[in-house]
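S.K.: Before anything else, here's the structure in question.
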């Protein structure tokens, strides 16, 4: 594994852990009865997905699909 690939993997894993932590915090807020905070956090997570991640996820799905065919 190259150094650039390794750092990219670490970067992705750190962000995944942070996104999961924010989602868990939102769910915890819902359990505690703070519906506004839950809705606000998940609205921001959905916006983050569509603004930052969605295009890359679609590209990766196409790449994996083309690899499977060959």
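Quick grid of which residues meet (1) in contact with a helix residue (DSSP H, G or I) (Cβ under 8 Å, 6 or more places away or on another chain); (2) outside any helix (DSSP H, G or I); (3) loosely packed, with under 10 Cβ neighbours inside 10 Å:
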| residue | (1), (2), (3) |
| --- | --- |
| 13 | no, no, no |
| 23 | yes, no, no |
| 26 | yes, no, no |
| 30 | yes, no, no |
| 37 | yes, no, no |
| 40 | no, no, no |
| 47 | no, no, no |
| 56 | no, no, yes |
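S.K.: Checking the condition at negative phi and more than 13 Å from the chain's Cα centre (by Cα), which residue from 30, 53 passes?
M.R.: One residue alone meets the criteria, 30.
Any read-out appearing in this document is the output of simple, stated calculations on the displayed coordinates, not a laboratory observation. These figures come from a predicted structure and were not determined experimentally. Virtual Cβ from ideal backbone geometry, glycine too; neighbours counted across all protein chains shown.
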